[in-house]
1. Ranking MET1, MET206 by Cβ neighbours within 10 Å, fewest first, what do you get?
2. Note the full-extension length gain between ILE141 and GLN114 as 0.36 nm times their separation in residues minus their Cα-Cα distance, in nm to one decimal.
3. Taking the Cα-to-Cβ direction at ALA129 and at SER256 and moving 7 Å from each Cα, how far apart do the two end points lie in nm?
4. With r defined as the distance between the Cβ atoms of ALA265 and PHE218 and R0 fixed at 25 Å, what FRET efficiency is calculated, to the nearest 0.05?
5. Cα centroid distance between region 206-235 and region 239-284, in Å?
6. Tell me, in nm to one decimal, what length is gained between ALA160 and ARG199 on full extension, where the rule is 0.36 nm per residue of separation less the Cα-Cα distance?
7. Within region 90-125, list the trypsin sites (Lys or Arg not before Pro) lying in a DSSP loop whose Cβ has at most 16 other Cβ atoms in a 10 Å radius.
8. Could you compute the net charge surrounding ARG198? Neighbours are other residues with a C-beta less than 12 Å from the C-beta of ARG198; K and R count +1, D and E count -1.
Amino acid sequence: MRIVSWNIENIVPFVQHDAAMPLARLIENLDEPDVLCLQEVRVRASDADLIARVRSALPGYECHLSLNADAKNASYRGGRAYGVATYIRADLAARSLVFPWDREGRLVFSGIGQLRLAIGNVYAVNGTAKPYFHPDTGEQIGDRHRFKRQFITDFQREAAALQEAGLQLVLIGDWNVSRARIDVTPRLRTEPPHAAARRQLNDIFMPSLHLVDVFREFRPDERAYTWISKRRRNTLDAARVDYALVEQSLVPQVTSAGIAAEAPASGSDHLPLWVELDLGEAKR
């Protein structure tokens, strides 16, 4: 099973009728994965016609979506912010799972019963000092740094429940945090509050769910980045913020994991990543 993840930074140009690169050609450029996880699709939960185009863009695949429905905290771009879309081979008969608390459209699970596998497509919160408001009452609840840590806590709870139900986890996407110094240039932000989210991910989230960062597991000394700033021209400003966390019990079945050398299309400042698993025994 080949799983590819990419922060596409707007899926709309790929599903237009006159698209220069339709989604069907994009997936060819990504070696036709069994599962394609896209983040920051920038589609609102109310965009019925656009959602229909997104769902039908890849024949032979089902589309699982979680989209922004929080007009209070994500009003920019006309509310077309965030959002994740997972395309998964239809014959895998996967079931989609989203959560009422995820109002910004940051997490969707695809459960494959025949493989006892749950693939989580995540676009984690980018922590900033910008105020965060309760989406219903409008009450300010700290800032988006605090909201980021709460998102990780809620995500952990839901993932643990899937494990308790007997599913093994592959969690992949844009985590909006770099795990260590080797993942960043020119420097890792170690000051609060950035360090708090990193500690929560590394020291609580991952150990509690028995997760392994498979790229770093197989390439312990390699410097590679998934986000590269377009603003700096003379100095490389880059980070590995996109990665796959695979449950420890699945690691022996991982055959490869890597980061693409270039983006398959223009528009995004992220690079795709992939993980491949040999699930032949599980299928039988």
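FYI, it's all coordinate maths here, none of it is from the lab. It should be emphasised that the depicted structure is a prediction, and the values quoted were computed from it without experimental measurement. Cβ atoms come from the backbone with ideal geometry, glycine included; neighbour counts cover every protein chain shown.
1. With the fewest neighbours first, MET1, MET206 line up as MET206, MET1.
2. 5.6 nm
3. 4.5
4. After rounding, the FRET efficiency stands at 0.40.
5. Distance between centres, Cα-based: 12 Å.
6. Numbers: separation 39, 0.36 × 39 = 14.04 nm, distance 1.87 nm.
Contour length minus the Cα-Cα distance gives 12.2 nm.
7. Values: sites: ARG95, ARG103, ARG106, ARG116; in loops: ARG103, ARG106, ARG116.
Filter output for region 90-125: ARG116.
8. Summing Lys and Arg as +1 and Asp and Glu as -1 gives +3.
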